[in-house]
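A.B. asks: One structure is given below, represented as C-alpha cells, and several questions about it will come after.
The values are calculated or read from the model by the stated rules, or taken from the named source; none is laboratory data. Worth saying up front: this structure is predicted, and the values here are computed from it rather than measured. Note that we place each Cβ from the backbone using ideal geometry, even for glycine, and neighbour counts take in every protein chain shown.
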There are 2 protein chains.
Amino acid sequence: MNKSKEKILASAKELFHEYGFQQTSVDEILKKSGVTKSNFYYHFKSKEELGLIILERFIKQYEADVLMKTLGNKSLSPSGRLVEFYNSVKTFHRDLQNPKGCPFGNMAIEMSGSNENFREKLSAFFNSWEKVIEECINEGMSTGDFRSDLHPGVVAQLILSHLEGAIMMVKTHRSIEPLSSGSETIMRLLKAA
Amino acid sequence: MNKSKEKILASAKELFHEYGFQQTSVDEILKKSGVTKSNFYYHFKSKEELGLIILERFIKQYEADVLMKTLGNKSLSPSGRLVEFYNSVKTFHRDLQNPKGCPFGNMAIEMSGSNENFREKLSAFFNSWEKVIEECINEGMSTGDFRSDLHPGVVAQLILSHLEGAIMMVKTHRSIEPLSSGSETIMRLLKAA
DNA sequence: TTATTAGAACTAACCAGTCAGTACTAAACA
DNA sequence: TGTTTAGTACTGACTGGTTAGTTCTAATAA
C-alpha cells in the first residue's frame, strides 16, 4: 500500500541528495516518481514536510546501517571500528560517478541559514553522531589503541568536522583522495605513542 | 565610475553569502542595490556571469587580506602564522549574529554538482589555499615548530578539510566552539614531540 | 559623442500549492 | 440480499505568484 507515497519518498531522497532541497522542484519529484501533483499534496502537506520526513528517515537509516555496524561494532577493536567506519564512508562516495557530497552536510549548509526545523534536526544529529565517535575514542584510549592525552569529546568533534570537510573536498575536486589520505592521517595522529 | 556596477557587486556578494547563489534572485539584488533591471543587464550578461565575477573577486580579496597577512606573514614563526590564521577565521565567523558559513564552502556544496564553471574555480582555489598552508607546515617542520613525521601536503589537506567542516558545524550549531576547540586540537596534534 | 542610467512593459517558463470531483474498497445496515 | 456510508487513494485543471532575461524609449553624465 501507499505505493505512490513510497515512490515520492524514494525519488525525492535521490533528487535532494543530488541537487539539494531548494534546487529540486516538486514538479521534478513528480516527473521522476510518476505521481500526480494532487496525489503528492494528498500525502504531504508541503514540500517542507516531505523534506523533514526524508531527513528523519535518512538519519535513522544511517544510524542503523552505518554507525551501528561500524563504530558500534563491539566485536572489533576501537581502532578497527574507526577504520571500518572510514571504509564505509569511502565506499559510499567512491561508488558515485560524480560525488554528491554528504546528504547531511549538504543540507546543513543549504538549510541552516533559512529554516530552523532543518537546522535543529541536523544539529541534534551531528551531536549524536559525535557521541558515537566519542564512545569509540574513549574506549580506544582505555585499551591503548589511541593516545590518551586528549579529551575524547574534542577528538570526536575533530573527526566529524574533518570528515564533513573532506567529503566537501571530494565533491569539489571530484576525487576520493582528500578523504582517503585524510582519514589515514587522522588514524596516524591518534595512534598511541 | 560604474557606481551601479559596484553597488550590484557589493549587494550580491552579501546576499550570495547569506542565502546562497541560487536562492538569491536578481530582483532581490536589484532591490538591495537600488539599481534597475535594465541597468543590471547592461553590466552583466547573466546572473551566472555576476556570480563568477564575485567569486573571482572574493578569492583574490581573501588571498590578499587573509592568507597573505597570516599564513604568509614571514615575520611570524610558522606555528604563530597558523594561530593567526585560525584567529582571523574565528573573528570572521564570530562577528556574525548568525553564522553564514564559509563563502567558498557554501558555494562549493551548492554549485559543484550543477555548474562546472563554479566547481572548477573553487577546486583550483582550494588547491592554492592548500599550497599556502603546506608551505607554512613545511617550514614549521624544518624549524621544529611541527612534528616532521608526516608529509606537509597531507597535513595541509587535513587542516583545510577540517577547517571547512568546522565552519559547517559553526553554522549548524550556531556556536563558534567546534572551530575554536578544533583548531586548538589541531595545533596540539601538530606539535613536535 | 559615448557610456551609463532610468523606467516600464513584456515573455515564457517555472514555482508551490488548491480545488472539486472520481474510483475503489470494505465495513455497517436493513 | 442489496444499499448506504466512510475512508483512502487518486486525478486534471487551475491559481496566483516568481523566475531570469528582453525590448523599447528617453534622460543624463563624462
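A.B. asks: Could you list, in sequence order, the residues of region B:110-120 that are surrounded by 20 or more Cβ atoms within 10 Å (Cβ to Cβ) and either under 13 Å from the mean Cα position of the chain (by Cα) or more than 7 Å from chain A (Cβ to nearest Cβ) (or both)?
C.D. replies: Matches in region B:110-120: B:Met111, B:Phe118.
A.B. asks: Check off (1) under 27 Å from A:Phe21 (Cβ atoms); (2) at the interface with chain B (Cβ under 9 Å from one of its Cβ atoms); (3) crowded, with 18+ Cβ neighbours inside 10 Å for A:Leu190 and give me the number that stays unchecked.
C.D. replies: Answer for A:Leu190: the failing condition is (1).
A.B. asks: Determine whether region A:94-104 contains at least one residue that is without any contact (Cβ under 8 Å) to a residue 24 or more places away in the chain and either among the small types (Gly, Ala, Ser) or within 16 Å of DNA strand D (Cβ to nearest atom) (or both).
C.D. replies: No: zero hits.
A.B. asks: Looking only at region A:78-103, which residues are in contact with an Asp or Glu (Cβ under 8 Å, 6 or more places away or on another chain) and within 11 Å of chain B (Cβ to nearest Cβ)?
C.D. replies: A:Lys100, A:Cys102
A.B. asks: Which of the residues that make up region A:24-56 are exposed (fewer than 12 other Cβ atoms within 10 Å of the Cβ) and near DNA strand D (Cβ under 9 Å from one of its atoms)?
C.D. replies: Passing the criteria: A:Gly34, A:Thr36, A:Lys37, A:Ser38.
A.B. asks: A follow-up question, please. Name the pairs whose Cβ atoms lie under 8 Å apart, with the first residue in region B:31-45 and of a type in the set (D, E, K, R), the second at pLDDT 90 or above, and 6 or more positions between them or separate chains?
C.D. replies: The qualifying pairs are B:Lys32/B:Ser11; B:Lys32/B:Glu14; B:Lys32/B:Leu15; B:Lys37/B:Val26; B:Lys37/B:Asp27; B:Lys37/B:Leu30.
A.B. asks: If we scan region A:137-147, do we find a residue that is buried (at least 17 other Cβ atoms within 10 Å of the Cβ) and under 19 Å from B:Ser161 (Cβ atoms)?
C.D. replies: yes
A.B. asks: Next question, about the same structure. When you scan region A:57-87, how many residues do you find that are within 24 Å of A:Lys121 (Cα to Cα) and exposed (fewer than 15 other Cβ atoms within 10 Å of the Cβ)?
C.D. replies: 7
A.B. asks: Sort through A:Phe126, A:Phe40 and tell me the only one that's in contact with a Ser or Thr (Cβ under 7 Å, 6 or more places away or on another chain) and at pLDDT 95 or above.
C.D. replies: Result of the check over A:Phe126, A:Phe40: A:Phe126.
A.B. asks: When you check B:Ile176 against the structure, is it among the aliphatic types (A, V, I, L, M), under 26 Å from A:Gly113 (Cα atoms) and more than 11 Å from chain A (Cβ to nearest Cβ), yes or no?
C.D. replies: When the stated conditions are applied, B:Ile176 passes them.
Conditions tested, residue by residue: (1) more than 9 Å from DNA strand C (Cβ to nearest atom); (2) more than 15 Å from the chain's Cα centre (by Cα); (3) of a type outside the set (A, V, I, L, M, F, W, C).
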site	(1), (2), (3)
B:Ser11	yes, yes, yes
B:Glu14	yes, no, yes
B:His17	yes, no, yes
B:Gln22	yes, yes, yes
B:Lys45	yes, yes, yes
B:Ile59	yes, no, no
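A.B. asks: Sort out which residues of region B:76-101 are touching a helix residue (DSSP H, G or I) at 6+ places or on another chain (Cβ under 9 Å) and more than 29 Å from A:Arg119 (Cα to Cα), and write them in order of number.
C.D. replies: Within region B:76-101, B:Leu76, B:Ser77, B:Pro78, B:Ser79, B:Arg81, B:Leu82, B:Val83 qualify.
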